[in-house]
Amino acid sequence: MSVRVLVRTFSELCVTVGTLIVLFVAYVLFWTGVKADGAMDSQIDQLQSQWAQGSVPAGGGASGGSSDGSSSGSSGGAQPEDRPDQKPPPEADQGDSAEAPPAPPAYQDGKPFAVMYIPRFGFTWNKPVLEGTKTDTLKKGLGHYASTAQLGQRGNFSVAGHRRTYGDPFKDFPKLRAGDAVVLTDGSTWFTYRIADKPYKTLPSDVEVIDPVPRKSGFDGPGRYLTLTTCEPEWGHSHRLIVWAHLDATQPVEEGKPEALRG
Amino acid sequence: MYGWIWRHLPGNTWIRALLSAVLVLGVIYLLFQYVFPWAEPLLPFNDVTVDEGMGAVRGVTGAAL
């Protein structure tokens with residue numbers, strides 16, 4: 001009798017654990033994607049309604065320029081930015097192909113401030129970019145490393161995103177190639193970055209890849225760069241995949257979508 | 001375990017079946033709403049950054065620890 005109870009209880013436990021595992025896999029593979037898609041859509045809606053109301057960050061050129069301009073004489077953009085409040089001077093334009101957009105105000109942690117488009121990932125692919133790389137932030141979109149430059153500014157605008165789970169935003173990351181466009185908008189300006197080379201595999205501790213001038217990127221001087229990071233291998237965390245890009249063109253939103261998105 | 005629950009549910013077979021379904025759905029809801037979101041970050045899919053919070057790392061370095 002007691003053996004019977006033991007065997008039955010053990011079997012029931014096994015069935016329960018098995019069901020739990022199946023449910024958890026379904027949650028990770030499927031449900032996080034459903035939740036993330038909803039969250040990303042609502043972030044983009046939030047941004048677009050903000051932009052529609054006219055609270056576009058661009059107008060701050062005068063105030064941002066003057067406050068940042070005071071420090072521009074000494075060091076320029078070559079200095080690494082440790083603090084998020086220290087922005088590269090927007091008007092320092094030595095040998096820079098792209099025209100300097102005005103400095104936007106500081107981003108708020110966990111809040112969206114831009115939308116990213118990567119035509120290589122499909123013409124419907126667009127994701128919100130949020131400030132910060134906290135776990136919760138990355139569930140709602142791509143995360144901007146708070147210590148790196150702002151969008152379109154001198155320095156390295158660095159963004160991290162999930163490769164798998166939570167909507168798989170960077171699922172096709174290895175398909176990126178030199179010359180691919182990464183287009184971002186902050187509601188007032190389109191920024192078109194061009195990828196410099198195919199993805200570079202590195203270790204998680206390699207924080208140099210998001211330096212203002214990443215040493216291994218092949219860029220040889222200060223400029224307006226972009227770095228994307230995600231995990232490698234696809235379902236693991238032993239390495240990271242990196243791509244670098246440089247700012248190729250900017251245009252105001254009034255002029256319509258940039259070349260790269262018209263495909 | 002399941003037999004014990006079944007025996008302690010009130011009503012006839014149909015009501016018990018209905019209550020069981022409600023219980024199962026309730027458990028799935030609790031799992032998806034609370035347990036799995038807690039357990040999921042323990043898996044490696046969240047590690048997509050190169051610094052694991054560089055502010056903290058640099059802060060520690062700055063404090064000469």
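The values are calculated or read from the model by the stated rules, or taken from the named source; none is laboratory data. Fair warning: this is a prediction, and the values are worked out from it, not measured in the lab. Backbone-built Cβ (ideal geometry, glycine too); neighbour counts: all protein chains shown. Side chains are part of the model used for accessible areas, which takes the heavy atoms of the whole protein and leaves out ligands, DNA and RNA. Shrake-Rupley method; radii C 1.70, N 1.55, O 1.52, S 1.80 Å.
Here is how the numbers come out for the structure above:
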{"read-out": "Net charge over other residues, Cβ less than 14 angstrom from the Cβ of A:D136 (K, R count +1; D, E count -1)", "value": "+2"}
{"read-out": "Summed side-chain charge close to A:K35 - residues other than A:K35 whose Cβ falls under 13 Å, Lys, Arg +1, Asp, Glu -1", "value": "-3"}
{"read-out": "Net charge of neighbours whose Cβ lies under 12 Å from the Cβ of A:R120, counting Lys and Arg as +1 and Asp and Glu as -1", "value": "+3"}
{"read-out": "Projected label distance in nm at A:T19 and A:K171, using a 7 Å step from Cα toward the beta-carbon", "value": "3.0"}
{"read-out": "Zone residues, the range A:179-198, relative to A:A52, backbone N less than 18 Å from point 7 Å out along Cα-to-Cβ", "value": "A:186-188"}
{"read-out": "Interface size A-B, as summed buried accessible area [1.4 Å probe, Å², nearest 100]", "value": "2600"}
{"read-out": "Amide H partners (placed H, <5 Å) of A:G155, local residues excluded", "value": "A:G223, A:R224, A:Y225"}
